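Let me begin by presenting the structure, written as structure tokens, before commenting on it.
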Amino acid sequence: MSKESPLAFGPARPAIERFRTSMPPLLPPHLLAGYHKFITGRYVTESEHYRSLAREGQAPETMIIACCDSRTAPETVFNAGPGELFVLRNVANLVPPYEPDGEFHSTSAALEFAVQSLRVKNIVVMGHGRCGGIKAALGKAAPLSPGDFIGKWMSLIAPAANTVATSTMMTATERQTALERISIRYSIANLRTFPCIKILEDKGKLTLHGAWFDISTGELWAMNKETGDFERPEIG
Ligand SMILES: [Zn+2]
């Protein structure tokens, strides 16, 4: 890639050439290969759309709160294009309660921007099957890490996790799915503790949704707003 022009779409420098010059790759080679495909493929075929987004700015109607899990990218699951989804991802797609305490709150900051600046019309909390964060919260797995943050983060759903974990009426798989879905309802309840969200929802200008994606089957389940149950929505 030319240093002078970021739009000079030459082939990515072969790895062997970089080896000869003893230069470490600026980015992992598989990322550069992927970028090359993008910039010579989709970016070209959708160039007018990208130019329009650059000119007009983004105006996504939907915010998705999803897990960091590499298998559940919302843009892939919903086949979304650039500018379509405002995506926030964190471990286990959790929303903490509204806490204006002067501390650092990345999830709350993203919510504030989406709701107050972008004026999104929908917020979807999307959980997924086989979530490592949820599994760790159930206490049936080793902690995700020995670090300082994940345990504290997952303690957001500790009461629900403890209740589900001690249930003798469910199998391990059922407990996992149950907590994945309970945590979605919990996050939606916490969304309503944000005054800006509650006000807009009450005015009918913002709708909150829950969804759950099954990695193994590709099934998408949606939360029934009346019952809180998850159902397969009609598609196609
Ligand atoms: Zn997850």
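The values are calculated or read from the model by the stated rules, or taken from the named source; none is laboratory data. All values derive from a computational prediction rather than experimental measurement. Virtual Cβ from ideal backbone geometry, glycine too; neighbours counted across all protein chains shown.
When the residues of segment 112-132 are filtered to those that are in contact with a Pro (Cβ under 9 Å, 6 or more places away or on another chain) and within 16 Å of the ligand (Cβ to nearest atom), the one that is farthest from F230 (Cα to Cα) is V124.
Suppose the filter is acidic (D, E) and surrounded by 17 or more Cβ atoms within 10 Å (Cβ to Cβ); does D101 pass it? So D101 fails the test.
Against the list (1) surrounded by fewer than 14 Cβ atoms within 10 Å (Cβ to Cβ); (2) within 14 Å of the ligand (Cβ to nearest atom); (3) free of Cβ contacts under 8 Å to residues at least 60 places away in the same chain, the condition S216 fails is (3). Look at (1) surrounded by 14 or more Cβ atoms within 10 Å (Cβ to Cβ); (2) hydrophobic (A, V, I, L, M, F, W, C); (3) modelled with pLDDT under 95; (4) not in a loop (DSSP other than H, G, I, E, B) and you find that A158 fails only one, number (1). Scanning segment 100-111 for residues that are in contact with a strand residue (DSSP E or B) (Cβ under 7 Å, 6 or more places away or on another chain) and more than 16 Å from the ligand (Cβ to nearest atom) yields a total of 1. Checking each residue in segment 61-74 for being more than 16 Å from the ligand (Cβ to nearest atom) and either among the charged types (D, E, K, R) or not assigned by TED's automatic domain parsing to the domain that holds N122 (or both) picks out only E61. Among the candidates K135, K152, K140, the residue that is within 12 Å of the ligand (Cβ to nearest atom), modelled with pLDDT under 95 and not hydrophobic (A, V, I, L, M, F, W, C) is uniquely K135.
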